[in-house]
């Protein structure tokens with residue numbers, strides 16, 4: 001399988017680069033454990049504000065399904081697009097009951113001196 005690299009393409013939605021995938025797996029893993037603030041911290045992932053963590057918790061609970069770890073198939077449908085000085089990212093989430101769910105993780109990624117910085121915006125149904 002060819003490695004998917006990070007591109008600055010403002011025209012097309014692209015599959016998630018391999019370099020970013022472990023971060024998103026770690027973020028979703030924390031959410032599966034109900035750690036919506038990412039209290040243990042994940043390197044190069046910004047802390048989640050209490051108000052955003054509360055919204056994420058409520059949206060997942062209101063959805064009514066049990067969130068699970070990201071399977072490999074999430075990369076078949078999750079996308080990102082370049083937007084000026086950052087990338088907008090949508091990660092498709094999975095639940096125990098239905099597999100691929102309607103929930104997505106909305107995030108932003110920016111380049112920094114350490115590589116990439118990840119910011120969690122929200123989990124919701126678009």
**Message:** Between 119, 96, 88, which is over 23 Å from residue 13 (Cβ atoms) and at pLDDT 95 or above?
**Reply:** 96
**Message:** I'm trying to understand the selection: among the residues of the stretch 90-103, which are under 12 Å from residue 16 (Cα atoms) and either touching a residue at least 40 places away in the same chain (Cβ under 8 Å) or touching a helix residue (DSSP H, G or I) at 6+ places or on another chain (Cβ under 9 Å) (or both)?
**Reply:** 91, 92
**Fill in**
Those residues of the stretch 67-89 which are within 16 Å of residue 6 (Cβ to Cβ), out of contact with any helix residue (DSSP H, G or I) (no Cβ under 7 Å at 6 or more places or on another chain) and either loosely packed, with under 13 Cβ neighbours inside 10 Å or touching a residue at least 24 places away in the same chain (Cβ under 8 Å) (or both) amount to 78, 79, 80, 81, 82, 83, 84, 85, 86, 87, 89
**Prompt:** Any idea which of 74, 52, 39 is assigned to a helix (DSSP H, G or I) and either touching a strand residue (DSSP E or B) at 6+ places or on another chain (Cβ under 6 Å) or at pLDDT below 95 (or both)?
**Reply:** 74
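Just to verify a result, which residue in the stretch 27-36, among those that are assigned to a loop (DSSP other than H, G, I, E, B) and at negative phi, is nearest to the chain's Cα centre (by Cα)?
So the first thing to find is which residues in the stretch 27-36 are assigned to a loop (DSSP other than H, G, I, E, B), and the list is 33-36.
Next cut, at negative phi only: 33, 35-36.
Working: 33: 15, 35: 14, 36: 12 Å.
Going through the qualifying residues, I end up with 36.
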**Asked** For the stretch 112-125, what are the residues that are in contact (Cβ under 8 Å) with a residue 12 or more places away in the chain and either out of contact with any strand residue (DSSP E or B) (no Cβ under 6 Å at 6 or more places or on another chain) or surrounded by 13 or more Cβ atoms within 10 Å (Cβ to Cβ) (or both)?
**Response** 112, 114, 115, 116, 117, 118, 119, 120, 121, 122, 123, 124
**Request:** Answer with yes or no whether residue 59 is at negative phi, in contact with a strand residue (DSSP E or B) (Cβ under 9 Å, 6 or more places away or on another chain) and not in a helix (DSSP H, G or I).
**Result:** no
**Asked** Is it fair to say residue 65 is within 18 Å of residue 103 (Cα to Cα), in a loop (DSSP other than H, G, I, E, B) and in contact with a strand residue (DSSP E or B) (Cβ under 7 Å, 6 or more places away or on another chain)?
**Response** yes
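The values are calculated or read from the model by the stated rules, or taken from the named source; none is laboratory data. This one's a predicted model, so the numbers in the text were calculated from it and none came from an experiment. When we count neighbours, we look across all protein chains shown, and the Cβ atoms used for this are built from the backbone with ideal geometry, even at glycine.
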